[in-house]
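Working notes for the structure below.
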Amino acid sequence: MKLHRTLRLSLLLISCALLIAGGVSVQAATDKEYVPHAYQEGKDVVWVPTEQALTDKMLDLAKVTPQDYVIDLGSGDGRIPITAGRRGARALGIEYNPDMVALSKRNAIKAGVTERVTFVKGDLFESDFSQATVITMFLLPDINLKLRPRILDLKPGTRVVSNSFNMAEWEADKTVSVSPEEGCNNNFCQAYLWIVPAKVEGAWNMPQGKLLLTQRFQEFLGELQSGANAGKVTNGRLNGDQISFTVGNAEYTGRVNGKTMQGTVKSAGNTSNWRAERGGY
């Protein structure tokens with residue numbers, strides 16, 4: 001009987017030792033933070049960290065202020081939203097890799113920006129980014145093109161900044177580069193800026209006639225029909241909801257607000273107001 005008790009006690013001690021060792025191993029694995037590496041595979045793209053110098057330049061290009069809500073599509077280690085948060089802006093990072101999301105949250109805690117910056121696991125093509133005033137991204141050209149229709153549906157004036165990759169025939173409103181001397185030391189040192197234009201394609205009624213416009217992103221052309229006469233619309237340009245164009249020697253500037261647009265027109269040294277409302281042919 002004493003031998004049995006001794007054997008049971010020995011087995012119990014061995015079991016406890018194994019449980020403790022296992023617990024230590026699990027804790028050690030838990031405490032070891034995830035470390036990503038450049039060019040690791042992701043759902044849609046490989047991950048390459050945006051150089052901090054270019055991150056700063058991208059946010060400068062978008063003129064980010066504390067009034068902005070920045071959404072980073074494919075946020076990786078979180079550096080762009082965190083940098084935006086340090087500037088006082090609210091920011092959201094959307095990232096498919098859960099390990100990267102957890103890493104970003106830890107980085108946000110270290111940076112002291114968790115009140116303004118959040119990260120979520122999500123698919124870019126299923127996520128809602130319609131509330132953003134600034135969109136940032138470092139994706140491949142084909143992904144940019146797939147997202148382009150949704151981006152063009154954002155509120156006019158939304159700023160969109162891409163690291164290194166453009167959006168094909170939608171020409172950027174501005175492009176900047178960061179040199180190695182300025183701190184960018186990889187092959188991805190260029191940033192593109194687009195400002196989402198208002199939609200003006202179609203027919204507009206004006207007191208002096210019918211304004212017919214054909215739009216291609218932030219540029220447009222057309223004609224102003226007045227009775228039997230028609231004047232060509234040239235130099236048509238949109239900067240968010242701001243519009244400018246020329247008909248003959250008359251220079252129009254103004255703002256688009258949904259189904260109306262209005263502003264001032266200068267012609268032969270005189271300035272007057274103009275207004276147009278959407279209407280059929």
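The values are calculated or read from the model by the stated rules, or taken from the named source; none is laboratory data. Bear in mind the structure is a predicted one, so any value in this text is a computation, not a measurement. Glycine also receives a Cβ, built like all others from the backbone with ideal geometry; neighbour counts cover every protein chain displayed. All accessible areas refer to the heavy atoms of the entire protein, side chains included, with ligands and DNA or RNA removed. Shrake-Rupley method; radii C 1.70, N 1.55, O 1.52, S 1.80 Å.
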Check your understanding: When the residues of the stretch 200-215 are filtered to those that are assigned to a loop (DSSP other than H, G, I, E, B) and in contact (Cβ under 8 Å) with a residue 24 or more places away in the chain, which remaining residue is surrounded by the fewest Cβ atoms within 10 Å (Cβ to Cβ)?
Key -> Pro207
Exercise for review: Examine the stretch 145-165 for a residue that is acidic (Asp, Glu), within 21 Å of Val256 (Cβ to Cβ) and open to solvent by 60 Å² or more (accessible area, probe 1.4 Å), and state whether such a residue exists.
Suggested key: yes
Practice item. Enumerate the pairs (first residue in the stretch 216-235 and touching a residue at least 12 places away in the same chain (Cβ under 8 Å); second residue anywhere and assigned to a strand (DSSP E or B) and of a type in the set (S, T, N, Q)) with beta-carbon separation below 6 Å, excluding pairs fewer than 6 apart on the same chain, so at least 6 apart or on different chains. Key: Leu221/Thr214; Gly222/Thr214; Thr234/Thr246
Exercise for review: Collect the residues in the stretch 80-91 that are in contact with a strand residue (DSSP E or B) (Cβ under 8 Å, 6 or more places away or on another chain) and either surrounded by 22 or more Cβ atoms within 10 Å (Cβ to Cβ) or part of a helix (DSSP H, G or I) (or both), keeping them in residue-number order.
Suggested key: Ile80, Pro81, Ile82, Ala84, Gly85, Ala89, Ala91
Check your understanding: Does Ala172 count as in a loop (DSSP other than H, G, I, E, B), in contact with a strand residue (DSSP E or B) (Cβ under 8 Å, 6 or more places away or on another chain) and within 21 Å of Lys57 (Cα to Cα)?
Key -> yes
Exercise for review: Out of Asn235, Asn229, Asn239, report the one residue that is surrounded by fewer than 17 Cβ atoms within 10 Å (Cβ to Cβ), of a type in the set (S, T, N, Q), in contact with an Asp or Glu (Cβ under 9 Å, 6 or more places away or on another chain) and over 26 Å from Arg150 (Cα atoms).
Suggested key: Asn235
